[in-house]
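A short write-up of the structure that comes next.
The values are calculated or read from the model by the stated rules, or taken from the named source; none is laboratory data. What you see is a predicted model, and the numbers here were worked out from it, not measured in a lab. In this analysis, Cβ positions are derived from the backbone assuming ideal geometry, glycine residues included, and neighbour counts consider all displayed protein chains. All accessible areas refer to the heavy atoms of the entire protein, side chains included, with ligands and DNA or RNA removed. Shrake-Rupley method; radii C 1.70, N 1.55, O 1.52, S 1.80 Å.
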Amino acid sequence: EIRTIFLLSRPEGKILETVGMFEAVKQHGKYETGQLFLHSVFGYRGIVLFPWHARLYDRDITPPIPESKPEPPGAHGSKEVKGKTHTYYQVLIDTRDCPHISQRSQTEAVTFLANHDDSRALYAIPGLDYVSHEDILPYNSAEQIPIQHELFERFLLFNPAKSPPFTARDTLKAWQEKNHPWLELSDVHRETTENIRVTVIPFYMGMREAQNSHVYWWRYCIRLENMASEVVQLRERHWRIFSLSGTLETVRGRGVVGREPVLSKEQPAFQYSSHVSLQAPSGHMWGTFRIERTDGSHFDVRIPPFSLESNKDDKAPPAGYTF
């Protein structure tokens with residue numbers, strides 16, 4: 001086993017700092033609470049809080065539909081996709097790295113609806129992320145506080161007798177238990193078109209009552225990855241949003257979250273979050289991203305269909321820390 005000390009450098013400051021020593025990547029099993037890691041795509045330092053078991057619906061490995069059963073017009077994504085269990089992690093992002101994650105539209109935060117009747121505010125916990133097992137490059141460090149985040153010391157206790165040397169405090173266990181319905185990651189959807197892979201993770205955020213009707217809210221997190229070496233740019237988005245109430249909405253627009261990200265070999269991925277509301281407890285979304293090549297030609301990348309489901313039973317409002 002070869003261990004290397006790695007250095008983190010920031011181009012604008014030409015600063016090199018010793019961070020830690022890489023450990024062997026786990027091919028099997030899962031990383032424990034307190035595992036330090038470097039994100040293999042976005043390059044930030046983080047620490048594992050706890051794992052989730054998600055159902056990954058990967059449309060790239062579905063057997064082709066027999067020729068004898070052509071898809072009816074407009075039946076985008078009617079093929080059945082089997083979900084397989086995949087490990088994701090709830091993690092803390094080191095706040096020192098947040099300004100440098102340029103391939104993200106924002107530092108990820110977990111959001112859910114605040115429980116004030118007269119408020120439309122979102123309850124947000126900044127610097128929390130969901131990380132797939134293969135995104136983790138594990139390392140160890142001699143520091144007692146290797147990650148800077150306001151929740152680090154509230155959630156984790158230094159314990160040099162253990163490996164990794166951080167254990168979950170009771171506050172972390174209580175927080176996880178209370179907020180489970182709002183944090184839970186259950187379904188992940190993935191599809192690749194012409195070497196552009198789109199991954200979508202929807203999260204239910206809660207319900208609001210407005211003018212004698214119920215409005216249900218979801219957040220969805222989308223990552224685009226360029227699996228080839230050709231430089232491309234996202235130019236437009238085209239969404240179809242179907243609600244159980246029977247409405248079908250079409251949304252078109254330039255870019256995503258006000259940006260038109262370039263996906264290159266140096267920065268192959270871009271990730272962002274957005275929100276959607278329905279006047280029904282469930283529905284589904286699908287669509288396309290229009291991608292432009294350097295020669296000016298375009299192609300459409302499919303966004304895999306994903307369902308919007310509200311948590312079946314009424315959950316207590318989010319419990320947590322006030323910032």
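Using alpha carbons only, what's the Rg to Rh ratio of region 195-237 with Rh from Kirkwood?
1.25
Mind ordering 158-165, 142-149, 285-292 by average Cβ neighbours within 10 Å, highest first?
By packing density, highest mean first, the sequence is 285-292, 142-149, 158-165.
Pairwise over distinct Cα atoms, reciprocal of the mean inverse distance: report the Kirkwood radius of region 167-280 in Å, one decimal place.
16.7 Å
For region 250-300, which whole percent of the accessible surface, found with a 1.4 angstrom probe, sits on carbon and sulfur atoms?
45 percent
When N counts the residues of region 131-170, how does its alpha-carbon radius of gyration compare numerically with 2.2 N^0.38 Å, as a ratio?
1.25
For a protection proxy built on the mean count of beta-carbon atoms within 10 angstrom, sort 168-178, 87-97 highest first, please.
The packing order, highest mean first, is 87-97, 168-178.
Could you please put Asp295, Asp129, Asp300 in sequence from largest to smallest accessible area, using a 1.4 Å probe?
Ranking Asp295, Asp129, Asp300 by accessible area, largest first, yields Asp295, Asp300, Asp129.
For region 203-244, which whole percent of the accessible surface, found with a 1.4 angstrom probe, sits on carbon and sulfur atoms?
46 percent
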